[in-house]
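Presented below is the structure to which this report refers.
Bear in mind that the values in this text are calculations on the coordinates, not laboratory data. None of the values given here were measured: they were computed from a predicted structure. When we count neighbours, we look across all protein chains shown, and the Cβ atoms used for this are built from the backbone with ideal geometry, even at glycine.
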């Protein structure tokens, strides 16, 4: 006899109420869970609210906070302010980090780099990004991003998940949930962690940033490694043939399917799907990561660094190959932008890592007809201060965290080319025109993907949860083409 049936037959009324003391609580909890949990199945992609402009996303996250005034937010008036104190009327009581809160002075550090205007848009660009400067009319710049978070952990979490507290689904998981897969042989959402040329001050990043949170587990990212096998155990061990592997998985699937029928746990279905995906990836991933078929023209675009696994150029090329094969969302993290000191020594190397690679990625996608429906996002979690942290000279300085304003850019996927949106004051310290909050940015990205951020929800704990949360968020129409 089935053990569950046997228990049911031996259960007396007294035992039922004794053991069922939490029965009403469990029933109440069940009403809070989405129907799919009760049914034990995973829903198909959500219907978009309007035709999506973007079908893929490549999100280039610069971990640490790039200094906007050294790259995109040209402030020539600061040259006359060298080594003068930041006026209190500009700082206006802003919260400081522990790195500079003990400083007796906040001396202005003008950018040591030359700027020039490019394209019909007239975008001012640093000399450190000569390749990127050639395509400014394809790009959509936001110079008025802002956030409440002033430290890395909550700021990165906020930028990735819409909340400073970990445990929420990230943007990539929402896209996977909403749009579904375009390829049965590769994951819907992939993460690549690039290795910077300079590693003076890297920040800790982990899987919490690409988790599915309260969404079904299948929507979490698959992380590819930068060295060795792209995924651990992608190859069968010696003596295990593909036929043996298939037979083993069939047995596991039978056991998991039986468990799913009995308990209805959606994570069991996710496990079945992950095992099957892993088996198919044993064929698809080696083909994906084998760059031998790429012509010389590819490396003329991305640079010779693209041949080296783990470099930013290599991950950018991998992102194009993934999008080509139907991967929905590719997230690339590049560390070492936390320039508390030695901007002169580090920023040129950081910019060199990204400059030709970003240019090559955009041109490559454009040539292949993929840019129109691929949204590229570039940016960090906050900006940097105009005042120097630590020692200051005209040749070198450091910059602390700054959440009040920073620059991001988009390209393709329905974003408006040649747009320069938002304006900051002469100190690149406060926004004076067209502010864009993190939630506004998320709402705008979802709009390009075909979703109304107010209606794109997931039932969890009795609430219709959203990427943009419960506070006000708006779509920035001027960023859309």
Problem set entry | residue 342/residue 372 FRET efficiency (R0 35 Å; Cβ-Cβ; nearest 0.05) | 0.30
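How big is the Cα convex hull of the chain in projection, averaged over all directions, in nm²? Numbers along the way, then the final one.
Numbers: hull surface 109.3 nm².
The Cα convex hull of the chain, projected and averaged over all directions, gives 27.3 nm².
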Problem set entry | Rh by Kirkwood over Cα pairs, then Stokes-Einstein D for region 417-478 at 1.306 mPa s and 10 °C, µm²/s | 120 µm²/s
Exercise. More than 24 Å apart: what percent of Cα pairs in region 350-457 qualify?
Worked result: 42 percent
Seminar exercise, completed: Here the FRET efficiency for residue 202 versus residue 454, based on Cβ atoms and R0 = 51 Å and rounded to 0.05, is 0.85
Seminar exercise, completed: proj_area_mean for region 312-371 (convex hull on C-alpha atoms), units nm², value 4.3 nm²
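For residue 89 and residue 263, what does the FRET efficiency come to when R0 = 56 Å and r is the distance between their Cβ atoms, rounded to the nearest 0.05? Can you show the working numbers first?
On the way: r = 63 Å, r/R0 = 1.12.
Efficiency, from the Cβ-Cβ distance: 0.35.
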For this session: Quick one: angle between helix 242-263 and the longest Cα principal axis of the chain, in degrees between 0 and 90, rounded to 10, please.
Result: 70 degrees
Exercise. Once the Cα atoms of helix 23-32 and of the chain are each reduced to a long axis, what angle between those two axes, in degrees from 0 to 90 to the nearest 10, is obtained?
Worked result: 50 degrees
For this session: Scale the Cα Rg of region 268-422 by the rule-of-thumb value 2.2 N^0.38 Å and send over the ratio, two decimals.
Result: 1.27
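Calculate the tail of P(r) for region 345-409: the fraction of all Cα-Cα distances greater than 18 Å, expressed in %.
Values: 1152 of 2080 pairs.
Here the long-distance tail beyond 18 Å is 55 percent of all Cα pairs in region 345-409.
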Exercise. In the chain, what % of DSSP beta bridges are antiparallel (nearest 5)?
Worked result: 45 percent
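What number results when the radius of gyration of region 111-222, computed over Cα atoms, is divided by 2.2 N^0.38 Å?
Values: Rg = 18.0 Å, N = 112, 2.2 N^0.38 = 13.2 Å.
Here the Cα radius of gyration is 1.36 times the empirical estimate.
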Exercise. Mind checking the angle between helix 312-324 and the chain's longest principal axis? C-alpha axes, 0 to 90 degrees, to the nearest 10.
Worked result: 50 degrees
For this session: Quick one: go through region 55-80 and flag any residue whose amide nitrogen is under 20 Å from the point 7 Å out along the Cα-to-Cβ line of residue 134.
Result: 72
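Per-residue ellipticity at 222 nm for the chain, helices alone: DSSP H runs ≥ 4 residues times -39500 (n - 2.57), over residue total, nearest 500 deg cm²/dmol?
That comes out to -10000 deg cm²/dmol.
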